[in-house]
Amino acid sequence: MSPLVAFRWTGAGLFLPVLFGIACLFAAADLIRIGYPTGDLANASYALSVAAPVAAGFTAARFHWFPGWIALARPARSGLRAVGAGYGPLVLGSPCAVCLAVVVTARTAPSDGPSWAIVGVDFATVLAACLSGLVLASALPVVMAVPVALLGWFWWLAYVPGMTSPLLHNMTSTFSACCDSSSRPAWHAVGAASVVTGTICLGVAALLSASHWSQRPVPVAGSVHFNRGQP
């Protein structure tokens, strides 16, 4: 599947502009620019608390029927390659749209290590949200996968940072109000958030790489698919 076809087929062509608008809206909420790139980008990253859950829910909604289809269409193709070809524009486009919204709203570009770290964590967080949506859609009915993905990420990014536990606070990807011209984001917090999101991304990749959607010939797979439930 070509990237252009996948871009239209997954709904990315309509969803990514909407996601960009949502991220801009929430990034601008109560944003006070201080003229320090790291601080402005961290404050604009408040958009993650809504944009990442929306991306996870939409990905789950679009993915729920894909495993059955790819098992018939390409029975010997690895899951990782199949998902990359079919869902790459959506899974990679979503974090790009959110990061672009953060940069545009903050009216600054990353210019040093701490500011690049903020943008990197933003990208990894939305990527992990989308990949978790794929897994949930594969394991649960769509009516359960979508709310679980959406509410789970909203809880992690919006509710957990308000807890009193320093450990949980540092593990989330929320760095709002962390930085000014005389301070930097705590590297242990950046590292903890990176470990959480990186584990999700690598775990999904390993899960998809470990097996194939189907090893049966196409006629057999089609017969099983269309006669499921019959003796």
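Fully extending the segment from Thr199 to Arg184, taken as 0.36 nm per residue of separation minus the present Cα-Cα distance, adds 2.9 nm. Taking all protein chains as they are arranged and a probe of 1.4 Å, the heavy atoms of Val104 leave approximately 80 Å² accessible to solvent.
Residues Arg33, Arg107, Arg62, ordered by accessible area of protein heavy atoms at a 1.4 angstrom probe radius and largest first, appear as Arg107, Arg33, Arg62.
If you rank Met144, Met171 by how much accessible surface each has, with a 1.4 Å probe, what is the order from largest down?
Final ranking, largest accessible area leading: Met144, Met171.
Calculate the FRET efficiency for Tyr159 and Ser111 from the Cβ-Cβ distance with a Förster distance of 25 Å, rounded to the nearest 0.05.
Given R0 = 25 Å and the Cβ-Cβ separation, E is 0.20.
Here Phe26 sits with roughly 70 square angstrom of accessible surface, probe radius 1.4 Å. Against the criterion of solvent-accessible heavy-atom surface with a 1.4 angstrom probe, Leu14, Leu92, Leu134 sort, most first, into Leu14, Leu92, Leu134.
A full extension of the chain between Ala139 and Ala28 corresponds to an added length of 36.4 nm, given 0.36 nm per residue minus the alpha carbon distance.
Full extension of the chain segment joining Ala206 with Leu151 gains 17.3 nm, where the gain is 0.36 nm per residue of separation less the Cα-Cα distance. Surface composition of region 132-192: carbon and sulfur make up 73 percent of the accessible area, probe 1.4 Å.
The values are calculated or read from the model by the stated rules, or taken from the named source; none is laboratory data. Bear in mind that the values here come from a model prediction, so they are computed numbers and not experimental data. A quick note on method: Cβ atoms are made from the backbone with ideal geometry, for glycine too, and the neighbour counts reach across all protein chains shown. What goes into the accessible areas is simple: the full protein's heavy atoms, side chains included, and nothing from ligands, DNA or RNA. Shrake-Rupley method; radii C 1.70, N 1.55, O 1.52, S 1.80 Å.
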